[in-house]
């Protein structure tokens, strides 16, 4: 009996247009992980030579997070991914205070659910900021939310996972800091895809490896000096006691490679916009893109379209049979019969007909043409 896992081969002709769910790993990251698993598998907390070898990989990943974000390596806490980073940042802000948490209903579920938990616990009062077209938070609305002077934290995503909306992060940071209010930025969908210099100065930032073409199961929370953090899981002293448990040097090796690669991501993604625009243009007349789904500024790789007469999950399943991977909403909201809450807030029940296409740096013109052909075949069956 073989020790090898049995994994079906991926059909080479598939078009993968679900990069916002996860990005295909870099070959260089896989190679680095294989090598690390062979020679640097020890516990990085151990003081012997094998442990020190593993520790070097962990610290290399930490240094690369710092290099990408502009912070210091000592400001970086390695986590299991973006969800844990968001939870740690938001819970930490209310570890020793009670107050108002300002956020929008367009945030990622890992932000919304922890906010709701803090409200149930009586620790935080939630103040919802309305969003405009494409789920963009207007600065006027944020300023009004900050005006009473009782806000402990603002939580805001850099790029919306459903519409690709670019949020006014630099202005939000300035508005918060002028009032001595802490701001957490969920930057999971931003790094490696859009320019991110404007994110520097946030009190805390969440990063996820697998969105950068690294392995799953690792990410980081970056916290600027003075931003208090408090553990909500307990055990050993790893990651300054904020994230107890053995740190994975193998995943760290792949994460480091992906972080280095991400520095050139915005330039590569600039070319992706043309493919995204071509997809939207080819489907004009067959799909709708109402003004509510059109942010004034959006990431170059996201198209969220409505297909009247279809249920999004039904169309995604049909596309899958035609060799196209897409989604009907955030993967972290999948498994429910309800439409994406972000889209439902924008277009109501029409959100049931939504399909999100998210492209990436290896997406080709042939992939887009494949998706368009598949959609035309599927739509023709219904005609």
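Just a few scattered comments:
- The residues of the stretch 38-70 that are part of a loop (DSSP other than H, G, I, E, B) and surrounded by fewer than 21 Cβ atoms within 10 Å (Cβ to Cβ), listed by number, are 41, 42, 43, 45, 46, 47, 48, 70.
- Selected residue (criterion: surrounded by the most Cβ atoms within 10 Å (Cβ to Cβ)) from residues of the stretch 354-383 that are assigned to a helix (DSSP H, G or I) and touching a helix residue (DSSP H, G or I) at 6+ places or on another chain (Cβ under 6 Å): 368
- Any hit, the stretch 206-224, residues being under 18 Å from residue 155 (Cβ atoms) and in a loop (DSSP other than H, G, I, E, B): yes
- Of the candidates 259, 229, 275, 279, the single residue that is surrounded by 15 or more Cβ atoms within 10 Å (Cβ to Cβ), on the phi < 0 side of the Ramachandran plot and in a loop (DSSP other than H, G, I, E, B) is 229.
- Subset of the stretch 92-117 (residues that are surrounded by fewer than 20 Cβ atoms within 10 Å (Cβ to Cβ) and touching a helix residue (DSSP H, G or I) at 6+ places or on another chain (Cβ under 7 Å)): 94, 105, 109
- One residue stands out among those in the stretch 233-256 that are on the phi > 0 side of the Ramachandran plot and touching a residue at least 40 places away in the same chain (Cβ under 8 Å): the one that is surrounded by the most Cβ atoms within 10 Å (Cβ to Cβ), which is 239.
- Matching residues in the stretch 165-184 - criterion: being outside any loop (DSSP other than H, G, I, E, B) and within 17 Å of residue 228 (Cβ to Cβ): 176, 177, 182, 183, 184
- Qualifying residue in the stretch 243-254 (condition: farther than 17 Å from residue 40 by Cβ, out of contact with any helix residue (DSSP H, G or I) (no Cβ under 9 Å at 6 or more places or on another chain) and at pLDDT below 95): no
- Of all residues making up the stretch 357-383, the number that are more than 15 Å from residue 326 (Cβ to Cβ) and in contact with a strand residue (DSSP E or B) (Cβ under 9 Å, 6 or more places away or on another chain): 3
- Residue under evaluation residue 351, criteria (1) touching a helix residue (DSSP H, G or I) at 6+ places or on another chain (Cβ under 6 Å); (2) assigned to a helix (DSSP H, G or I); (3) surrounded by 22 or more Cβ atoms within 10 Å (Cβ to Cβ); (4) modelled with pLDDT of 95 or more, criterion not met: (4)
- Pairing each residue of the stretch 1-25 that is over 19 Å from residue 374 (Cα atoms) with any residue that is at pLDDT 65 or above, provided the two are 6+ apart or on different chains, yields C-beta distances under 6 Å for 20/161; 20/358; 21/327; 22/210; 23/211; 23/213; 23/360; 25/213.
- Yes/no for residue 58 being closer than 24 Å to residue 233 by Cβ and under 18 Å from the mean Cα position of the chain (by Cα): no
- Highlighted here are the helices (runs of 4 or more DSSP H) found entirely within the stretch 80-163 that include at least 1 residues which are over 29 Å from residue 302 (Cβ atoms) and in contact (Cβ under 8 Å) with a residue 60 or more places away in the chain: 82-93.
The values are calculated or read from the model by the stated rules, or taken from the named source; none is laboratory data. Model, not experiment: these values are computed from the prediction. So basically every Cβ, Gly included, is an ideal-geometry build from the backbone, and we count neighbours across all protein chains shown.
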